[in-house]
Amino acid sequence: MNAQPIQSFLQPARPPLERHTLSIVVDNEPGVLARVIGLFSGRGYNIDSLTVSETEHAAHVSRITIVTTGQATVIEQIKAQLSRMVPVHSVRDLTAEGSSLERELALVKVIGTGDQRNEALRLAQVFRADVIDANVDHFVFELTGKPAKVDQFIAIMGPLGLVEVCRTGIAAVSRGKKTA
C-alpha cells in the first residue's frame with residue numbers, strides 16, 4: 001500500500017481579541033442610542049456592556065459607555081465610524097489612553113437558611129456588599145466594584161443559593177485631567 005503524506009492546512013493565526021472601553025459623548029435626543037447601537041449590530045460587532053446617562057442637563061449631552069471586544073483593527077474601525085456620526089461630540093478609547101476607573105453595580109439575590117445563610121452574610125461583608133432587602137429566607141445584596149470583583153462575588157454566591165442577578169453595566173472615566 002502506498003502511503004501518501006498527509007497535508008496539513010494551517011489556518012493563519014488570527015490577531016488576538018482585545019477588550020476596549022469606549023466613552024462616547026452625544027447629543028441627548030431621541031434616536032441617538034439606536035443609531036450608535038445600529039452601527040454595532042449592522043456590522044456584527046458585539047457589545048459586552050452598555051451604560052447611558054445624561055451628563056450635562058443644560059447642554060443636553062449624554063455619555064454612552066460601551067465595552068466591546070474585537071481585533072485591534074476592528075476597534076479602530078468602530079471608533080472611526082462612531083466619530084463620523086452627526087450627534088457624536090467625541091469618542092474616547094479609555095483602554096488605549098491608559099489608566100481608567102471602571103465600576104459596576106450589581107443586585108444579587110440569595111435564598112438560603114442556616115449555615116448557607118450565615119456564610120452568604122459573612123462573604124458579603126468581606127466583599128463590602130450591602131444588604132438592601134432581607135427576610136427569613138433570602139437576602140438581596142448591593143455590590144459596587146470592578147467587574148472582576150462582581151464576577152467573583154456572583155461565583156461565590158452560586159453554591160450558597162444564588163437565584164437572581166441584575167447588573168448595570170460598566171461606568172468608566174479616565175484618571176487625571178483628561179475629560180470627555
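No lab work stands behind these numbers, since they all come straight from the coordinates. Worth saying up front: this structure is predicted, and the values here are computed from it rather than measured. Counting neighbours? That spans all protein chains shown, and the Cβs are built from the backbone with ideal geometry, glycine included.
Of the listed peptides 148-155, 52-59, what is their order by residue-averaged count of other C-beta atoms within 10 Å, with the highest listed first? Before the final figure, lay out the partial values.
Details: 148-155: 15.6, 52-59: 11.1.
Those peptides, ordered most packed to least, come out 148-155, 52-59.
Okay, helix-only estimate at 222 nm for the chain: each DSSP H run of n ≥ 4 adds -39500 (n - 2.57), divide by all residues, round to 500 deg cm²/dmol; what do you get?
-8500 deg cm²/dmol
How long is the gain from LEU107 to HIS89 if the chain were fully straight, where each residue apart is worth 0.36 nm and the alpha carbon distance is subtracted?
Length gained, LEU107 through HIS89: 3.2 nm.
Quick check for me: using +1 on Lys/Arg Cβ and -1 on Asp/Glu Cβ, what's the dipole size of region 92-180 about its Cα centre, in debye to the nearest 20?
480
What is the ratio of the Cα radius of gyration of region 17-98 to 2.2 N^0.38 Å, with N the residue count, to two decimals?
Here the Cα radius of gyration is 1.03 times the empirical estimate.
For region 141-156, in order, what is each residue's ³J(HN,Hα) by Karplus, 6.51 cos²θ - 1.76 cosθ + 1.60 with θ = phi - 60°, in whole Hz (x at glycine and Pro)?
9, 10, 10, 10, x, 5, x, 5, 5, 5, 4, 5, 4, 4, 4, 5
Dividing the alpha-carbon Rg of region 101-174 by 2.2 N^0.38 Å yields what?
After normalising by residue count via 2.2 N^0.38 Å, the value is 1.07.
How about LYS149: which aspartates and glutamates have a C-alpha closer than 15 Å to its C-alpha, ignoring those fewer than 8 places off in the same chain?
Of all the aspartates and glutamates, those that pass the test against LYS149 - Cα under 15 Å, at least 8 places apart if same chain - are GLU102, GLU104, ASP130.
Given the convex hull of the Cα atoms of the chain, what is a quarter of its surface area in nm²? Spell out each step's value before the answer.
Numbers: hull surface 72.3 nm².
If you wrap the Cα atoms of the chain in a convex hull and average its projections, you get 18.1 nm².
Quote to one decimal, in nm, the extra length available between ASP27 and THR179 on full extension: 0.36 nm per residue of separation minus the C-alpha distance between them.
Working: separation 152, 0.36 × 152 = 54.72 nm, distance 1.65 nm.
Value of the extension gain: 53.1 nm.
Once you charge only the Cβ atoms, +1 for Lys and Arg and -1 for Asp and Glu, what is the size of the charge dipole of region 17-98 about its Cα centre, to the nearest 20 debye?
That gives a dipole near 200 debye.
Counting only C-alpha contacts under 8 Å and six or more residues apart, can you give the relative contact order of the chain as a whole percent?
Dividing the mean separation by the residue count of the chain yields 25 percent.
Could you tell me which residue out of ILE111, VAL165, THR144 lies farthest along the dipole of region 101-174 toward its positive end? Charges go on the beta carbon: Lys and Arg +1, Asp and Glu -1, centred on the Cα centre.
THR144
Would you mind working out the magnitude of the charge dipole of the chain relative to its Cα centre, with +1 at each Lys and Arg C-beta and -1 at each Asp and Glu C-beta, to the nearest 20 Debye? Present the calculation step by step, with values, prior to reporting the outcome.
Values: 19 positive and 19 negative charges, 118 e Å.
Dipole of the chain, to the nearest 20 debye: 560 debye.
Give the lysines whose C-alpha is closer than 19 Å to that of LYS79, dropping any in the same chain fewer than 8 places away, or say none.
Excluding near neighbours in sequence, the set is LYS178.
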